[in-house]
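So the structure is just underneath, and the comments pick up after that.
The values are calculated or read from the model by the stated rules, or taken from the named source; none is laboratory data. Fair warning: this is a prediction, and the values are worked out from it, not measured in the lab. Positions of Cβ are generated from backbone atoms using ideal geometry, with glycine treated the same way; all protein chains shown enter the neighbour counts.
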Amino acid sequence: MFDSDFTIPPHWQFASSIPSGSEAVIVDIDGVLANASKRQHYLEQRPKKWQLFFAASAEDEVIEEVKRLLELLDHKVVVVLLTGRPSAIAELTVNWLGRNSIRWDLLISRPDGDYMLATKFKEFETKRLLDLGLRIHLCLDDDPSNVEMYRRLGLPSLYIHSGYY
Ligand SMILES: [Mg+2]
């Protein structure tokens, strides 16, 4: 798919091959595809219970509207899931996506040990996707800072309200 001199980072996972120059959408997971509201209480504890918070994501309910929206997109449009979840739970995430029959092509999780602000991380990865020639048409996120960042990059972005992020 991408130039042969591009090494696929270990925190990128593919469900299918992506022809270069593909049209794409970028979709967040928590608060956009996955209803994470039932595990927010782990983050209200001090210290925050991150491990339990992420482990509980296996039980998240699907946000049906966004799942349907992805199904309605032309199947030539690549679905990139760009999430602040650590790659330590990438397998759990892939299983959840499969169990819930959610359409996706590339999952980008946060490298383990990366404590960059989520918005900085997403900006870095988005610029990399643009450099690789992906034609990104739309981004979906429930964090207003991410929506703003995408718009700053000139990418139309749709805010999905979750009430947490
Ligand atoms: Mg989110």
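Name the strands (runs of 3 or more DSSP E) wholly within the range 63-165 that hold at least 2 residues that are away from the ligand (no atom under 16 Å from the Cβ)?
Strands (runs of 3 or more DSSP E) meeting the threshold: 135-141.
Name the single residue that is nearest to Pro86 (Cα to Cα) among those in the range 104-132 being of a type in the set (Lys, Arg) and more than 12 Å from the chain's Cα centre (by Cα).
Lys120
List the number of the failed condition for Val78; all other conditions in (1) within 24 Å of Asp5 (Cα to Cα); (2) touching a Cys at 6+ places or on another chain (Cβ under 8 Å) hold.
Result: Val78 passes all but (2).
How many residues does the range 141-156 contain that are buried (at least 20 other Cβ atoms within 10 Å of the Cβ) and in contact with a helix residue (DSSP H, G or I) (Cβ under 9 Å, 6 or more places away or on another chain)?
Result for the range 141-156: 5.
Starting from the range 18-42, take each residue that is part of a strand (DSSP E or B) and list its partners that are within 12 Å of the ligand (Cβ to nearest atom), counting only C-beta distances under 6 angstrom and pairs at least six apart or across chains.
Ile26/Leu82; Ile26/Cys139; Val27/Leu81; Val27/Leu140; Asp30/Ala36; Ala34/Asp60; Asn35/Asp60; Asn35/Ile63
Can you give me the number of residues within the range 28-60 that are over 18 Å from Pro86 (Cβ atoms) and touching a helix residue (DSSP H, G or I) at 6+ places or on another chain (Cβ under 8 Å)?
1
Within the range 111-140, how many residues are closer than 19 Å to Leu33 by Cβ, modelled with pLDDT of 95 or more and either surrounded by 15 or more Cβ atoms within 10 Å (Cβ to Cβ) or among the aliphatic types (A, V, I, L, M) (or both)?
Result for the range 111-140: 10.
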